[in-house]
Structure formats: C-alpha cells, structure tokens
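**Q** Before I ask anything, let me first share the structure, which is written out below as structure tokens.
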Amino acid sequence: MHETGGCKYTGINKEYSIEDLAAFHGHLGPYIVLGYRMGRYVRLHFCSDPFQMKASVHCSGEPPQSCVADGIQIGSGCTLGKKNIEICPSDEILCEFSSNGKNMVIKPMPIKFPQKSDDSYPLLIEKLAEDMYRTPDSELFCTRSGL
C-alpha cells in the first residue's frame with residue numbers, strides 16, 4: 001500500500017469550487033456535484049485517508065449517472081489510478097465506502113430535473129448543479145453506517 005509520507009501537495013482538505021469541478025469534468029452537471037458532495041462528506045465523516053478507503057459507485061454505468069464517479073474521485077480521493085473506486089452497474093444510485101472493516105452507504109435524494117423544453121435546457125442543468133453545490137447535505141443524500 002502506498003503512503004503519502006506527509007506529501008504537502010495532496011490538497012485532500014481543499015474545498016473545490018464549482019469552477020474546479022467543471023474544469024475536472026469538462027462541464028458542470030448535477031452528477032459531478034452530487035458525487036463531489038458525497039465524496040467530501042465521507043472524507044469528513046467516515047475516513048479522511050484515501051489510501052485506506054474504497055468506493056463502490058452503484059449507478060446505470062452510463063452518463064450522465066456515471067458522472068457521479070468523477071465527483072466521488074475529487075471529493076473522497078478514491079481514484080482510478082489507486083484502483084480504489086469502481087462502478088457497479090445498478091438500477092439504483094448509491095455509493096458504498098469501506099475502510100478497516102466498516103462501511104458507509106450514501107444514497108442520493110431524487111433529483112428534480114428541469115423539463116427538456118427548449119434550447120435553454122443546458123443552462124437549466126447548469127443552474128441545477130449550481131444550486132445543488134450550495135444545498136445542505138441532508139437535502140442531497142442520506143447515509144447509513146455499519147460494520
């Protein structure tokens with residue numbers, strides 16, 4: 001297992017901005033924001049060391065739902081390169097985190113998407129993502145912990 005050795009460049013405690021999320025993902029959408037918020041929550045309330053944690057992202061396995069995995073990576077520090085994140089195709093969206101024999105499951109609340117009515121839909125999706133970024137955790141998802 002790799003150790004950070006006190007690396008000062010990790011940025012693991014950094015709170016990423018909307019601009020940071022969009023730059024990482026290529027655009028700003030609800031699922032990158034949701035994943036980021038879930039990942040950040042788990043890092044703050046479950047396990048702060050991304051080398052000691054694993055994430056299993058349950059979703060359709062296709063965009064846009066799979067975009068939640070990008071947010072999980074930037075929020076939790078679980079990454080494809082460390083091989084401690086996986087996407088598990090599922091009809092339900094949730095993320096299970098495990099560390100040292102414990103786990104936490106985070107399940108998002110339903111997202112109220114705007115109607116696809118005209119050319120303004122991409123702007124409405126971006127506005128939804130901005131609003132979600134500022135929404136309290138308790139309104140975005142619920143958690144369950146266990147052994």
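No lab work stands behind these numbers, since they all come straight from the coordinates. Please read all numbers here as calculations on a predicted model, not as lab measurements. We place every Cβ from the backbone using ideal geometry, glycine too, and count neighbours over all the protein chains shown.
**Q** Assuming GLU62 fulfils every condition listed in (1) closer than 18 Å to PRO110 by Cα; (2) in contact (Cβ under 8 Å) with a residue 24 or more places away in the chain; (3) exposed (fewer than 15 other Cβ atoms within 10 Å of the Cβ) apart from one, which condition is it?
**A** (2)
**Q** Which count do you get for residues in segment 46-73 that are assigned to a loop (DSSP other than H, G, I, E, B) and hydroxyl-bearing (Ser, Thr, Tyr)?
**A** Qualifying residue count, segment 46-73: 2.
**Q** Any residue in segment 97-109 that is surrounded by fewer than 21 Cβ atoms within 10 Å (Cβ to Cβ), of a type in the set (Ser, Thr, Tyr), more than 27 Å from ASN13 (Cβ to Cβ) and under 16 Å from the mean Cα position of the chain (by Cα)?
**A** no
**Q** If we keep just the residues of segment 42-52 that are touching a strand residue (DSSP E or B) at 6+ places or on another chain (Cβ under 7 Å) and surrounded by fewer than 23 Cβ atoms within 10 Å (Cβ to Cβ), which is farthest from ARG144 (Cα to Cα)?
**A** Here the residue is GLN52.
**Q** Here's a follow-up. Hey, among SER145, SER56, SER98, which residue is over 25 Å from ALA22 (Cβ atoms) and in contact with an Asp or Glu (Cβ under 6 Å, 6 or more places away or on another chain)?
**A** SER56
**Q** Right, here's the next one. Within segment 23-45, can you find the residues that are out of contact with any helix residue (DSSP H, G or I) (no Cβ under 8 Å at 6 or more places or on another chain) and part of a helix (DSSP H, G or I)?
**A** The answer is ALA23, LEU44, HIS45.
**Q** Would you confirm, using the coordinates I've provided, whether VAL105 is on the phi < 0 side of the Ramachandran plot, free of Cβ contacts under 8 Å to residues at least 60 places away in the same chain, part of a strand (DSSP E or B) and of a type in the set (A, V, I, L, M, F, W, C)?
**A** Judged against the criteria, VAL105 is a match.
**Q** Among PHE97, PHE113, PHE51, which is touching a Leu at 6+ places or on another chain (Cβ under 8 Å) and not small (Gly, Ala, Ser)?
**A** The match here is PHE113.
Listed here are the residues, each with its yes/no results for (1) in contact (Cβ under 8 Å) with a residue 40 or more places away in the chain; (2) not in a helix (DSSP H, G or I).
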residue: CYS78; (1), (2): no, yes
residue: GLY81; (1), (2): no, yes
residue: GLU92; (1), (2): no, yes
residue: SER117; (1), (2): no, yes
residue: ALA129; (1), (2): yes, no
residue: THR143; (1), (2): yes, yes
